[in-house]
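The values are calculated or read from the model by the stated rules, or taken from the named source; none is laboratory data. This is a predicted model, so every value here is computed, not measured. When we count neighbours, we look across all protein chains shown, and the Cβ atoms used for this are built from the backbone with ideal geometry, even at glycine. The accessibility values were calculated without ligands, DNA or RNA, using every heavy atom of the protein model including side chains. Shrake-Rupley method; radii C 1.70, N 1.55, O 1.52, S 1.80 Å.
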Amino acid sequence: MTLLAPWRRLRAALLLFVCALALGGCARNEVHRQEAYVFGTRVDVSVYGDDPAEARRVMDAVLREFDRLHAAYHAWQPSELTRLNEALARGESMEVSEELASLLRDAQAMAATGDELFDPALGRLIALWGFHKDEFAPVVPDPAELQAVIDAAPRMADLVIDGRTVSSRNPMVQIDLGGYAKGYALDRAAAILREMGIANALVNIGGNVIALGAKGEQPWRIGIQHPREPRPLATLPLYDGEAVGTSGDYQRYFEIDGERYIHLLDPRTGHPARGTQALTILVTPRPKAGTLSDGPSKPAFIAGDDWRDYTRRFGIDHALRVAADGRVEVTRALRARLQWVPGSQADAVVD
């Protein structure tokens, strides 16, 4: 064994230090992405940073949380939510998790704000239209069955939530959190990322998006999908703490004899909503921004020409609607943020 002289050992140590500095200098910030399929849609988690292993670790944690939420609150596969629905159908109360009780209270308040145009208590109606199946098959409900649900008028206001104990005044209530849970999942993702020290990330759950920080010197940028063409209508920058959600008639639907039946149902008629192709809202930074990007787009979508009244109720100033005839209406606040794709523009600007 050869012993190094002290000066040679010092030179070797200095060389290692210089090499470490060089390697550290070579590490560069970039976008690390991970995709999955959860909540019946594609999920994309992006982290901007210089440590791929750390990015993978935090993205895995986010996706594990999504898997947990998917399993806990699935609307038709065995879950805590289906057990609650079974108890409500029997006229029984059930003690639920603190998380589910909190979700139900929030969804109940959200439904009331939107005149219950979007109401998670309409699970029976959604099932009648065939949207409670993993392998979807188009179906038009039996008119008598449809009318029975319409006459019973199940709604979130029928729920009685006492601490963690949930009951219903109406046995036809069947909870489906499909139009709410993606937004809640965005808030959970943002919380996990921040707890794990991540300042710059973008989470996309089937078009519901939340941003943390930025992508280097540039803000995150997303597109607003054209509802009838394979291209965006426009793009916009998304800043720290902002969230975007879109309800559209092109996401889950079927066609029979040339007529489009979408998954967004109008509780007043029991039939798929008409009058709007797509409605996008941008929620500026505030508590529960992710949740607000999901549920509140639904009553505005279902309301048709009265859409702006419903976005105002939730304190949302940035919104865009594509009407059934293709007209594009946008609020003044959102128009100032948009970069239109060639061939697209607003037909009307509203306050």
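The order of the peptides 242-255, 85-98, 110-123 by mean Cβ neighbours within 10 Å, most packed first, is 110-123, 242-255, 85-98. A 1.4 Å probe run over segment 56-168, with the rest of the protein chains in place, finds 46 Å² accessible per residue.
Starting from the Cα gyration tensor of segment 144-246, take the square roots of the eigenvalues, sort them a ≥ b ≥ c, and report rounded, prolate or oblate (rounded when a/c is under 1.5, otherwise prolate if a/b is larger than b/c, else oblate). Here segment 144-246 falls in the oblate category.
Over segment 197-351, what percent of the accessible surface lies on carbon and sulfur atoms, probe 1.4 Å? Solvent-exposed carbon and sulfur of segment 197-351 make up 47 percent of the total. Relative protection proxy for 268-275, 314-321, from highest mean packing down: 314-321, 268-275 (other beta-carbon atoms within 10 angstrom). Short-range pairs are left out: with C-alpha atoms under 8 Å and at least six residues apart, the relative contact order of the chain is 15 percent. Calculated mean residue ellipticity at 222 nm for the chain: -10500 deg cm²/dmol, from DSSP H runs with n ≥ 4 weighted as -39500 (n - 2.57), summed, divided by the residue count and rounded to 500.
Let me make sure I get this right: for segment 227-315, a, b and c are the square roots of the gyration tensor eigenvalues over alpha carbons, sorted descending. Under 1.5 in a/c it's rounded, otherwise prolate if a/b > b/c, else oblate. Which is it? Since a/c reaches 1.5 but b/c is at least a/b, the shape of segment 227-315 is classed as oblate. For segment 35-143, relative contact order (Cα pairs under 8 Å, six or more residues apart, normalised by length) works out to 12 percent.
Using the Cβ-Cβ distance between Arg28 and Arg337 with R0 set to 25 Å, the FRET efficiency from 1/(1 + (r/R0)^6) comes to roughly 0.30. Each label was represented as a point 7 Å from its Cα along the Cα-to-Cβ direction; for Thr269 and Gln345 these points are 3.2 nm apart.
Here the translational diffusion coefficient of segment 84-189 follows from Stokes-Einstein with Rh set to the Kirkwood radius across Cα pairs; for 10 °C and 1.306 mPa s it amounts to 110 µm²/s. Here segment 168-210 is scanned for amide nitrogen atoms under 15 Å from the site 7 Å beyond the Cα of Ala109 along Cα-to-Cβ, giving 184. Among the protein heavy atoms of segment 120-194, carbon and sulfur supply 51% of the accessible surface, probe 1.4 Å, non-protein parts ignored. For segment 118-130, putting each phi into the Karplus relation 6.51 cos²θ - 1.76 cosθ + 1.60 with θ = phi - 60° gives couplings of 10, 9, x, 7, 8, x, 4, 5, 4, 5, 4, 7, x Hz, in residue order, rounded to whole numbers and with x for Gly and Pro. Fully extending the segment from Glu80 to Asp305, taken as 0.36 nm per residue of separation minus the present Cα-Cα distance, adds 77.3 nm.
Rounded to the nearest Hz, the phi-derived 3J(HN,Hα) couplings of segment 330-346 under the Karplus curve 6.51 cos²θ - 1.76 cosθ + 1.60 (θ = phi - 60°) are 9, 6, 4, 5, 6, 4, 5, 9, 7, 10, 6, 6, x, x, 10, 6, 7, where x marks glycine and proline.
Assuming a ≥ b ≥ c are the square roots of the Cα gyration tensor eigenvalues, decide whether the chain counts as rounded (a/c under 1.5), prolate (otherwise, with a/b larger than b/c) or oblate. Here the chain falls in the prolate category.
Extending 7 Å from the Cα toward the beta-carbon at both Arg231 and Lys133 defines two label points whose distance is 3.6 nm.
Sorting 328-339, 179-190 by their mean Cβ neighbour count within 10 Å, with the most densely packed peptide first, gives 179-190, 328-339. Hydrophobic, long helices, defined as DSSP H runs whose alpha-carbon span along the helix axis is 18 Å or greater and whose mean Kyte-Doolittle value is at least -1.0, occur in the chain at 6-26, 52-72, 98-113, 181-195. At full extension, Ala199 and Asp60 could sit 48.4 nm farther apart than now, given 0.36 nm per residue minus the alpha carbon distance.
Partner lysines whose Cα lies under 25 Å from the Cα of Lys298, excluding those fewer than 8 positions away in the same chain, are identified as Lys133, Lys182, Lys288. Asp351 sits with roughly 110 Å² accessible to a 1.4 Å probe, with DNA, RNA and ligands left out of the calculation. Across segment 307-320, rounded Karplus estimates of 3J(HN,Hα) from the backbone phi angles (6.51 cos²θ - 1.76 cosθ + 1.60, θ = phi - 60°) give 4, 5, 4, 6, 5, 4, 4, 9, x, 9, 9, 9, 8, 9 Hz, Gly and Pro being marked x.
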